[in-house]
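Asker: For reference, the structure I am asking about is given below.
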């Protein structure tokens with residue numbers, strides 16, 4: 001009886017650990033994180049996408065705005081106040097495509 005209880009407790013602990021690990025992942029947003037530079041306008045301030053607690057933000061110059069991740073379409077969306085701006089990751093180039101702003105490449109430091 002005691003060994004079955006130990007097996008059950010072990011299974012519950014393993015399941016709980018797996019669930020916590022799954023919930024703590026970024027859910028596909030890792031590829032968007034970091035500092036990005038516009039290819040069309042190199043003098044434009046760099047854009048930084050970062051995680052702040054449970055939220056994502058986009059920082060460009062001194063302006064920081066919240067970002068939402070659309071898990072079904074694998075894109076970020078920013079509400080600019082004038083409408084939504086989508087950010088799509090271009091895997092074959094390791095670039096971001098930003099609606100109305102063109103492509104961005106990751107800044108390597």
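Asker: Could you check residue 83 against (1) within 17 Å of the chain's Cα centre (by Cα); (2) without any contact (Cβ under 8 Å) to a residue 40 or more places away in the chain and say which number it fails?
Answerer: Just one mismatch for residue 83, condition (1).
Asker: Within the stretch 48-80, count every residue that is touching a strand residue (DSSP E or B) at 6+ places or on another chain (Cβ under 7 Å), in contact (Cβ under 8 Å) with a residue 12 or more places away in the chain and within 15 Å of residue 36 (Cβ to Cβ).
Answerer: 12
Rule-based calculations on the coordinates, nothing more; no lab input. Just so you know, these numbers come straight off a predicted model, no measurement behind them. All Cβ positions, glycine included, derive from the backbone under ideal geometry; neighbour counts span all protein chains shown.
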